[in-house]
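Beneath this line is the structure, given in structure tokens, with notes to follow.
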Amino acid sequence: MDNQNFESGKAWWIAFLLFAFMALNFIDKIVIGMLAVPLMEELHLKAGQFGLVASSFFWLFSISGILGGFISNRVSTTIMLLVMALAWSLCQIPMALASGVGVLVVSRVLLGIAEGPAFPVAVHACYKWFPDKKRNLPVAFIAQGGMTGLLISGLTIPLISARWGWHANFYVLSIAGIIWTAFWLMFGREGNIGTTQSSSASDVAKVPYPTLFKNPTVIGCMILHFVAYWSLALTLTWLPAYLQKGLGYSGIEAGRFYSAMIVLSIPIMIGISYASQRMMQRGVSSRIARGLLSGAVLVVSGLALLAIWLFELPPLCRVAVLGAALATSPVIYSLGPAMLAEVTPSLQRGSILSIDNSIASIAGIIAPLLSALFIHDLTNAAGYEAGFALCGALMVIGGLAGGSMANPQQGLTSRHRTKTAEAT
């Protein structure tokens, strides 16, 4: 039934709009990190104060994400995406006018509330257009919207700041959000795949939430996502400052290096996701093609981050190793939701995806603050690298644990199978 409902052209057009949506989302996230040096200098902020500003984005992000997920089970994702994009645009104005820590913190908290459900709702919307065996690639593409947003940030934010000052970046983001909203009003539509009865077990019987949260695949995905999000939080918060203050590059040079890292990540993530999808189409189990692959990628990324701390490397080598680590870790953003969708009924999918994202985003609160404890002197590269090493250790442990637990094909309970058999 889902394959009969699949319309490739329309589905990929929606995927492209969601790609742009996630690009804006990640520019909103990274802008504070990219402006760390001029912002700290103008407002006379210490590392701990800036860590507070950076982490404030995530204070209510998790709660908002969970609430948004449950709302997405009942409300059109088309409407939710529209409301979120408008809210993002409005939240940029106070940050452009900010002259102290208080305004920055309040504005980032409000933005975090508005952005909490963004990725899971976007994935949920995408899944309404693509059947299960075709989902890896479009979700990887949408996730690359985030990476593209980081790429655009690295190239444009230093230039905008140099010409008009750091405040101007927030006005540009507000206008960009309004433009996306206009396109979504014209072309955004709700898909119907998974909304009708399907042969997929996850689309037939509803499962109690306590049962879902005991599912090893759900637990494994949450572990994998949490440690990957830890690396994302460092990327958004401290990486630009590390390139400038730790390694001594200028703001524009640091922006270019940052963009180069993102350019590297885009083909790697899409390539791994495509390889996983091809494995699935050839009959390889989801446990291997999605679960073990996700865990292995995170272990490799974690080892790369540890290497920066353990070995004396020239600055360019450190940048290259960091780029390799950050290029591979986001794979879980594509494969994780696909595994969760395998073991979650479609009527509960939005909430489970949001809960998963919200739990992972707790790393966004902890990572900037914990890393700030190592970064007493902004010009000391060793402090940044100690924070990267902690992240690497977490990724190795989390990759091994989460990858071994994720097994979507054995994730349905016997009660669920019984209900499915009765329904079919």
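Odds and ends about this structure:
- The calculated FRET efficiency for the pair PHE6 and LEU185, based on their C-beta separation and a Förster distance of 22 Å, comes to about 0.35.
- Ellipsoid semi-axes in whole angstrom, largest first, where each is sqrt(5λ) of the Cα gyration tensor of the chain: 35, 24, 18
- Order by protection proxy (mean Cβ within 10 Å, highest first), peptides 261-273, 307-319: 261-273, 307-319
- With 0.36 nm allotted per residue and the present C-alpha distance subtracted, the ASN73-VAL101 stretch has 6.4 nm of extension available.
- The HN-Hα couplings worked out from phi for region 315-327 by the Karplus form 6.51 cos²θ - 1.76 cosθ + 1.60 (θ = phi - 60°) are x, 5, 5, 4, 4, 5, 5, 4, x, 5, 5, 6, 6 Hz, whole numbers, x standing for Gly and Pro.
- Pairs from the table (LYS29/LYS206; LYS10/LYS214; LYS133/LYS206; LYS29/LYS133; LYS134/LYS206) lying more than 25 angstrom apart at Cα are LYS29/LYS206; LYS10/LYS214; LYS29/LYS133.
- Helical runs assigned H by DSSP (4 residues or longer) give the chain a calculated mean residue ellipticity at 222 nm of -25500 deg cm²/dmol, each run adding -39500 (n - 2.57) before division by the residue total.
- Acute angle (nearest 10 degrees) that the helix 381-405 long axis makes with the longest principal axis of the chain, alpha-carbon atoms: 10
- Relative contact order (%) - criterion: Cα under 8 Å, at least six apart; region: the chain: 28
- Cα centre as origin, Lys/Arg/Asp/Glu Cβ charges: region 2-423 dipole, Debye: 920
- Distance from region 113-132 to region 295-351 (C-alpha centre basis), Å: 20
- Highest mean packing comes first when the peptides 10-22, 99-111 are listed by Cβ atoms within 10 Å, giving 10-22, 99-111.
- A protection proxy built from the mean count of other Cβ atoms within 10 Å ranks the segments 292-305, 79-92, most packed first, as 292-305, 79-92.
FYI, it's all coordinate maths here, none of it is from the lab. On a predicted model such as this, the values are computed, not experimentally measured, just so you know. Don't worry about glycine lacking a Cβ; one is built from the backbone with ideal geometry, like all the others, and counts go over all protein chains shown.
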